[in-house]
Amino acid sequence: LRKLNLSFNYHKKVSFAHLRLAPSFRYLTSLEELDMHGIFFRSLSESTLQSLTRLPTLKSLHLQMNFINQAQLDIFGGFLSLKYVDLSDNRISGAAKLAASTREVGGGQKVQLRSGDLDPAPLDTPGSEDFMPSCQSLNFTLDLSRNNLVTIQPEMFARLSRLQCLRLSHNSIAQAVNGSQFVPLISLRVLDLSYNKLDLYHGRSFTELPQLEALDLSYNSQPFSMQGIGHNLSFLANLHALRYLSLAHNNIDGRVSQKLCSSSLQALDFSGNVLGRMWAEGDLYSHFFQGLQGLVRLDLSQNHLHTLLPPTLDNLPKSLQLLRLRGNHLAFFNWSNLALLPKLEVLDLAGNQLKTLTNGSLPSDTRLRRLDLSSNSINMVASSFFAQAKRLQELNLSSNALKTVDSSWFGSRAGALKVLDVSANPLHCSCGAVFVDFLLEVQAAVPSLPSRVRCGSPSQLQGLSIFAQDLRLCLDEALSWDCFGLSMMVVTLGLAVPLLHHLCGWDLWYCFHLCLAWLPRRGRRQAADALPYDAFVVFDKAQGAVADWVYNELRVQLEERRGRRALRLCLEERDWLPGKTLFENLWASV
């Protein structure tokens, strides 16, 4: 048997004063993990786990959620193979003060349990190991998080000299640490004091821990919020093994040491503070990070930064390889300033207010390998913006306002990208969208291309994959414009012709025929041969004198006596064709 789970074997509404495991447990010589959380006993003493002390392979012991308020932590010093002890979510308030009756098993006492006491504890969200390492690889870890600790006494950790990781988060420790609280823990490498109320005033804080490599002081904001109280961070210079430090989410906006100094620190999490206000106070904190000579990773997320001036970046450690600026208010970033951080490989600008990437381009001498620009409002990228970044391998442009993804942004570097995230952008999925062809060319670098990259327009494709469009419905764009113009012309003519005919139809008809008469046409010559008249003579034939003059004088003079210049007249009674109406003969004559 290697794993044994005895959790939640409790009497309803009863918690026991003491608990002792049966002697038969010592025969479980192969046992590696024992889970006893949720049994509900209030005192943890040497007799409780006496049967387990000689188990050679026991590595993990879970005792959380038991309402333990008195615990002899030094008993774990006798478990040489033990690597992990979980005492979280109990009520431990300090060093145990055990009476002689502690070794007795009896003492059952009924208590009223709240419904919330039986709920499983929320799991800690694992942080990035870039800024705080985990304890999984260490030899011995003790978890005392979510208890009722107010102060730390050295006697609590007697016989725990081999302890390497101690978690004290989510307690109520409101103590001014002065270098005497953790004296027995000479091998401690990771200390988690997050979510407490620590007072950092003494310059010798934590100096009793010679091997301390990681210190988590995040979410200790209450002391930093007290007006007029200063805080001393000079103890960092005395922690010669410290490599990881978290001061995150403390709302630090001033009244601290003007400069952090450490020759060993490699990763600093300073997120969730008010660095924007500190840097706005003239030169007081302008060199705040400059004393961290070997700093490699720096997190300045959520610091109310509105701008980053060149002197600000110039005062950061030149050894920086990773810089996080997530969740600030940066609307502009001068990309040429990257030359001030010659070793920078990872830059995180996610969650800011950048709108365009048109002010220059990434410098050619940058060592930038990963760039995160997600969750901004970027809607435009200049041509060849990323082309000169020769080492760029990972680019995150997700959750922006991009309508397209253009290959000209990357130049010849597009094929060298290992990650190109363009998800959650309102891409315009038109029939002529060239970004589809480009994304297919680099599809190996685009995470979940068919499912996560979606259209933002047109409305019928909004929220669908960029491959959801039926290409058979796509027409030639030039042909579409031609058809549109033709249909527009037909509609215009269909409306204009009846309207013009109604308003000025006769005038247009007259002008048309007038213009037609001036045009040389063969049909017109044929009509002249069929009707060889030069003039149509209109007169009142009822008057005999007029008719006589027309027939005997006018006709004779114009048709018979002019020789070659003789004219041919059209006379009604002589030349009109019988059987035709008056209108038809008149029309033909004219």
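Can you find even one residue in region 567-586 that is of a type in the set (Gly, Ala, Ser), within 23 Å of residue 517 (Cα to Cα) and free of Cβ contacts under 8 Å to residues at least 40 places away in the same chain?
No, every residue in region 567-586 fails to be of a type in the set (Gly, Ala, Ser), within 23 Å of residue 517 (Cα to Cα) and free of Cβ contacts under 8 Å to residues at least 40 places away in the same chain.
Would you pick out the residues in region 50-80 that are aliphatic (A, V, I, L, M), part of a loop (DSSP other than H, G, I, E, B) and farther than 16 Å from residue 160 by Cα?
Those that are aliphatic (A, V, I, L, M), part of a loop (DSSP other than H, G, I, E, B) and farther than 16 Å from residue 160 by Cα: 55, 58, 63, 65, 68.
Among the residues of region 189-237, which ones are more than 24 Å from residue 258 (Cβ to Cβ) and not in a loop (DSSP other than H, G, I, E, B)?
Within region 189-237, 190, 191, 192, 214 meet the criteria.
Taking interchain pairs and intrachain pairs at least six residues apart, which have beta carbon atoms under 6 angstrom, with the first residue in region 183-212 and assigned by TED's automatic domain parsing to the domain that holds residue 223 and without any contact (Cβ under 8 Å) to a residue 40 or more places away in the chain and the second in a loop (DSSP other than H, G, I, E, B) and of a type in the set (Asp, Glu)?
Sorted first by the residue in region 183-212, then by its partner, the pairs are 183/208.
Taking residue 357 as the residue in question, decide whether it is farther than 19 Å from residue 233 by Cα and not hydroxyl-bearing (Ser, Thr, Tyr). First the steps, then the outcome.
Values: farther than 19 Å from residue 233 by Cα: yes; not hydroxyl-bearing (Ser, Thr, Tyr): yes.
Yes; evaluated as a whole, the condition is true for this residue.
Here is a yes/no grid of residues against (1) of a type in the set (S, T, N, Q); (2) touching a residue at least 24 places away in the same chain (Cβ under 8 Å); (3) within 16 Å of residue 386 (Cβ to Cβ):
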position	(1), (2), (3)
408	yes, yes, yes
413	no, yes, yes
438	no, yes, yes
449	no, no, no
457	yes, yes, no
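If you check 590, 538, which single one turns out to be of a type in the set (Val, Ile, Thr), modelled with pLDDT under 85 and at negative phi?
Step by step, each of 590, 538 is checked, and only 590 is of a type in the set (Val, Ile, Thr), modelled with pLDDT under 85 and at negative phi.
Take residue 297 and tell me if it is closer than 19 Å to residue 237 by Cα, modelled with pLDDT of 95 or more, surrounded by 17 or more Cβ atoms within 10 Å (Cβ to Cβ) and within 22 Å of the chain's Cα centre (by Cα).
yes
Table: residues versus (1) modelled with pLDDT of 95 or more; (2) closer than 24 Å to residue 344 by Cα; (3) over 29 Å from the mean Cα position of the chain (by Cα).
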| position | (1), (2), (3) |
| --- | --- |
| 217 | yes, no, no |
| 225 | no, no, yes |
| 229 | no, no, yes |
| 242 | yes, yes, yes |
| 254 | no, no, yes |
| 268 | yes, yes, no |
| 283 | no, no, yes |
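Going residue by residue through region 542-565, is there one that turns out to be touching an Asp or Glu at 6+ places or on another chain (Cβ under 9 Å), at pLDDT below 85 and surrounded by 12 or more Cβ atoms within 10 Å (Cβ to Cβ)?
No, region 542-565 has no match at all.
May I ask you to list pairs of residues, at least six apart or on different chains, whose Cβ atoms are under 6 Å apart, with the first in region 263-281 being touching a residue at least 40 places away in the same chain (Cβ under 8 Å) and at negative phi and the second being surrounded by fewer than 19 Cβ atoms within 10 Å (Cβ to Cβ) and not polar (S, T, N, Q)?
So the pair list comes out as 276/304.
For region 381-428, what are the residues that are outside any loop (DSSP other than H, G, I, E, B) and closer than 13 Å to residue 361 by Cα?
381, 408, 409, 411
The values are calculated or read from the model by the stated rules, or taken from the named source; none is laboratory data. For clarity, every value in this text was computed on a predicted model and none was experimentally measured. Every residue, glycine as well, gets a Cβ built from its backbone with ideal geometry; the counts of neighbours run over all protein chains shown.
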